[in-house]
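Written out below as structure tokens is the structure these notes cover.
The values are calculated or read from the model by the stated rules, or taken from the named source; none is laboratory data. This structure is a prediction, so every number in the text was calculated from the model and none was measured. Don't worry about glycine lacking a Cβ; one is built from the backbone with ideal geometry, like all the others, and counts go over all protein chains shown.
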Amino acid sequence: MSDERIDALAESARNRGLKLVRSRVRTPGKRRFGKVGLTDASGKAVFGMDDKGPMGSPDDAEYFLRNLGAKDWGASLDVAVMPRKKKPKAKREAANDVEPAAKPARPPKPKEKPKPKLRDAKPGDAARLVELIQELGHEIGEKAARKNIGTLKKLGETPIVATLDKKIVGMIGVHRMVTIHRDAPVGRIPVLIVAKEARGMSLGRMLVDAAEQWCRKKGCKLIEVTSNDRRADAHAFYRHMGYERTSIRFFKKL
């Protein structure tokens, strides 16, 4: 069992508030060699543990963690539906000579909330997209953004925007790359932003789903995303979406 895999399992456990416990047996062939278990923050056994220590396999621990993350995310999407109340029946007047009461005016129907829609970005969106990009801390002018949209369209990698009542409130970038060490293209999400006033409407999930569909159509078998170290809220979102941290990103200005 490689140290890299143990480190990855430990990281995955920490992301879920758990601790990975590794067997102290270091002699191959002996009982409990290579076994692992999981405990909570207080040390209480959660998975693969007995009175003598870890007894689970790394494969079983990984499967448990993956399913635990999926259950936590699914539970966060539960929506309670309240039963509809029956309208009371109006009483009929017994006498024929009684003047019928005037029917109360029906209240106006509440205006339906606009539903978010997705579409490809256009050069004319540049000004609004610059506003969103600046929320991420990136400085770019409208002219440069317009040029980039045109270039990406020629490459077949046009960003996807989310609109609400025709106003752009979100954007996600898509990218496909071929590498020498992969047997299939790798998809990438280079940028994702949802306007502050539109958060809490599942727009981030909608945009990520659209990017994943785009990558599948391009033949990608893996999709990765980069996120600044200081954006802890974004890291939590991607973990809920099924993404795991696997590497550290380095960059250098040229």
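What's the number of the only condition in (1) buried (at least 19 other Cβ atoms within 10 Å of the Cβ); (2) assigned to a loop (DSSP other than H, G, I, E, B); (3) of a type in the set (Val, Ile, Thr) that Ile248 fails to meet?
(1)
Right, Lys252: over 24 Å from Gln134 (Cβ atoms), free of Cβ contacts under 8 Å to residues at least 12 places away in the same chain and not hydrophobic (A, V, I, L, M, F, W, C) or not?
no
Of the residues in the range 174-184, how many are surrounded by fewer than 17 Cβ atoms within 10 Å (Cβ to Cβ), part of a loop (DSSP other than H, G, I, E, B) and out of contact with any Leu (no Cβ under 8 Å at 6 or more places or on another chain)?
5
Taking the range 1-22 only, how many residues are hydroxyl-bearing (Ser, Thr, Tyr) and touching a residue at least 60 places away in the same chain (Cβ under 8 Å)?
The total comes to 1.
If I ask for residues that are hydrophobic (A, V, I, L, M, F, W, C) and modelled with pLDDT of 85 or more, which ones from the range 1-19 would you list? Give the derivation first.
Taking the range 1-19 and keeping what is hydrophobic (A, V, I, L, M, F, W, C), we get 1, 6, 8-10, 13, 18.
Leu18 - this is the single residue of the range 1-19 that is hydrophobic (A, V, I, L, M, F, W, C) and modelled with pLDDT of 85 or more.
In the list Lys143, Lys111, which residue meets the criterion of being over 19 Å from the mean Cα position of the chain (by Cα), part of a helix (DSSP H, G or I) and loosely packed, with under 11 Cβ neighbours inside 10 Å?
Only one candidate passes the filter, namely Lys143.
Let's see how each residue does on (1) β-branched (Val, Ile, Thr); (2) modelled with pLDDT of 70 or more; (3) more than 39 Å from the chain's Cα centre (by Cα); (4) loosely packed, with under 12 Cβ neighbours inside 10 Å:
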site	(1), (2), (3), (4)
Lys91	no, no, yes, yes
Glu99	no, no, yes, yes
Pro104	no, yes, yes, yes
Lys115	no, yes, no, yes
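Can you name the residue in the range 218-232 that is modelled with pLDDT of 80 or more and not in a loop (DSSP other than H, G, I, E, B) and is also surrounded by the fewest Cβ atoms within 10 Å (Cβ to Cβ) among such residues?
Taking the candidates together, the pick is Leu222.
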